[in-house]
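This report refers to the structure that appears directly beneath it.
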Amino acid sequence: MDEIKNIIQGIMKRVPGIKGLILLDIDGIPLEIAGNFEMRAEDLGALLAACYNSYAQVGVELGQNLDMIIVEYGDLKLCQSAMPRGLLTIIATKESYLGLIRLEAKRAIEMIGRLMQDTKDLRKSMMEQHKFRMPGDQDIEMILAKLRKGLT
Amino acid sequence: MTEPAARPERTGYLPFRVEVTAGLQEEASALAAVWHRTRMVVTSPGPDLAVPLCLKLFSYIPRYRQVLLCGNVPKEMKYLKGAKLMEKSEPLAQQAAFQISLAEEELGAAPIQVIYFGDPQAATRDLFGPIDRGWMIVSPNIPRAAIEKSTSSIQGEIRFPEGKIYLLDALPADLTIEKSILNETIGSSPGVREYMIQMKETEVRLAFQAILAETESGRAVTQSYLAEMLKVREKTYHKILDIGLRERRMDLRPYIKETVPKVIKFLKAISLWNEASLGAIFIHKNLIGYAKYKDVDFPSQNFLTMGERMEALSQTEIGPGHPWILELNTREMNILLIKHRLLYGFVLAAGADSALFRMKLEGLIDELAREEISNGA
């Protein structure tokens, strides 16, 4: 985990404009987080995984593999990349260069993928350490409802 | 069979095919300015001379770039192959379109080159203000003072018989590659010159994409490895990274382990001797130094393979111990492999005095061994 932490922290230091990185297990359990997020890590992970899985499903219908999602918000950019057993999400300022973010994401995926042979043990230790539970569909709905309530 | 019709004479018009009397420095500067997407204002004493100068610059634009013509485009330029004519539209909308195109370049879209015909003041105020690369304004009879007033400060000026080019960004300091291409094609037809320029520009772009793919893999990438694989010399290597930065806003230098000055000095010293055709230095499996002195086909990977076999042998009872030297003499070449702290591989010409070479090498290796050379990873 220390090596993965070093990779993530290295990206944060090296690339200007990056606000945060989240490394998720394929079920949305956060394995490593860098940056400040107001949401609970567990909720954030669940939402990101749900978004990714939705687009992956669209890809399946189109006969395509999903490699990367790029989202542009008002002041931020979000880049989400697939890994063999996880997802890497990078959040950066609007002024950041996407080319560089993609390069870092690809390099990180290669290196982390080699380190994460199997995330089962990692997931178990994260879940025990942070008292996470596996998110269900009802949980996702509750999270979204909370967010909507907060926005109105 | 009828003779082709004679070209009608036009006052003040210099046919594009005539060799222009501008010096090599001016030509090389203009080529570098276009290649590096320098912002510029092109002016001429009259409208008739602006077009030939513009056509010259057009021939320097890499063909993989998307050329966009806008403003009051003269009819001679409207139908240029590969150029897209932009219909006149609201400047802010055009500016937004350019900015989107520039943003897409980061993801690999073809870089744009905008050529605007019209007043520089209006163009920089309404159209190009926030755009930091890839445009030129063509406007006859504009004095320098007027350009300075309406744009950022002028960084340089290139004079041609047809007119002047005012550069709003600094040119790269090293124009060796540009001069080399132009020198090689002195006296050649414009077609051959254009071919040589386009070939180099395309080579540089493809090489950047290859380097990007290597860095994306997460593997350790050294400058020596790239020099061998892409078969590029040092100046071309730097040009590749500079153009990549200008076209894709990606600085790959932090991801590449550059050759240490001590290793460069070592390999340069050997270049002065006659014996060596090729030299390579490894730390573990990483190629940290590579130099090809003569035309020889010998992948450096072969040194590594031989070194691994020797190391395996050195673990046995009949092992040679450390350091060891392996010499293979063949009809075509002599191969010398030395394991000291680092692994050194050399290809010598067949019949070269390898004993003398080893004697000269000993001092250099001792000197290098005293230095702290970090792993290329």
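The values are calculated or read from the model by the stated rules, or taken from the named source; none is laboratory data. Worth saying up front: this structure is predicted, and the values here are computed from it rather than measured. Cβ sites come from the backbone with ideal geometry, for glycine too, and all protein chains shown count toward neighbours. Ligands, DNA and RNA are excluded from the accessible area calculation, which covers all protein heavy atoms including side chains. Shrake-Rupley method; radii C 1.70, N 1.55, O 1.52, S 1.80 Å.
Values for this structure:
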quantity: Cα-centre dipole for region A:2-151 with unit charges at Cβ (Lys and Arg positive, Asp and Glu negative), debye to 20; calculated: 320 debye
quantity: Listed residue (B:83, B:273, B:337) projecting farthest to the positive dipole end of chain B, Cβ model; calculated: B:83
quantity: Summed residue charge, Cβ within 14 Å of residue B:77's Cβ, Lys/Arg positive, Asp/Glu negative; calculated: +3
quantity: Ratio Rg/Rh [Cα only; Rh per Kirkwood] for chain B; calculated: 1.10
quantity: Protein-protein interface of region B:186-216, residues with accessible area decrease of at least 20 Å², isolated chain reference, 1.4 Å probe; calculated: B:215, B:216
quantity: Selection from B:357, B:140, B:166, by position along the positive dipole direction of the protein assembly as shown (Cβ); calculated: B:140
quantity: Cα-Cα pairs of region B:70-204 separated by more than 25 Å (percent); calculated: 38 percent
quantity: Per residue accessible area of the protein assembly as shown, 1.4 Å probe, in Å²; calculated: 52 Å²
quantity: Peptide A:106-112 - average C-beta neighbours from other chains (10 Å radius); calculated: 3
quantity: Reciprocal mean inverse distance between Cα atoms of region B:188-245 - Kirkwood radius, Å; calculated: 12.2 Å
quantity: Spin-label pair residue A:54/residue B:367, simplified geometry with 7 Å Cα→Cβ offset, distance in nm; calculated: 6.6 nm
quantity: Length released on extending from residue B:141 to residue B:322, taking residue separation times 0.36 nm less the Cα-Cα span; calculated: 57.7 nm
quantity: Accessible area that becomes buried as A packs against B, both chains, 1.4 Å probe, Å², nearest 100; calculated: 1300 Å²
quantity: Residue-averaged beta-carbon neighbours from other chains (10 angstrom radius) around A:94-100; calculated: 5
quantity: Calculated diffusion of region B:251-294, Stokes-Einstein form, Kirkwood radius summed over Cα pairs, 37 °C and 0.692 mPa s, µm²/s; calculated: 287 µm²/s
quantity: Listed pairs A:106/B:231; B:294/B:339; A:13/B:179; B:268/B:339; B:164/B:262; B:200/B:360 exceeding 32 Å between Cα atoms; calculated: A:13/B:179; B:164/B:262; B:200/B:360
quantity: Label-to-label distance, nm, for residues given as residue B:330 and residue A:148 (7 Å Cα→Cβ offset); calculated: 7.3 nm
quantity: Residue B:188 paired with residue A:125, simple spin-label distance in nm, labels 7 Å along Cα-to-beta-carbon; calculated: 6.1 nm
quantity: For chain B, calculated [θ]222 nm from helices alone, where every DSSP H run of n ≥ 4 adds -39500 (n - 2.57); calculated: -13000 deg cm²/dmol
quantity: FRET efficiency, 1/(1 + (r/R0)^6) with R0 56 Å, evaluated for residue B:152 and residue B:359 via beta carbons; calculated: 0.40
quantity: Convex hull per residue volume in Å³, alpha carbons only, for region A:2-151; calculated: 124 Å³
quantity: Value of Rg to Rh for the protein assembly as shown (Rh from inverse mean 1/r over Cα pairs, i.e. Kirkwood); calculated: 1.06
quantity: Charge tally in the Cβ shell below 15 Å around residue B:351, where Lys, Arg are +1 and Asp, Glu are -1, residue B:351 excluded; calculated: -2
quantity: The protein assembly as shown - charge dipole about Cα centre, Lys and Arg +1 at Cβ, Asp and Glu -1, debye rounded to 20; calculated: 600 debye
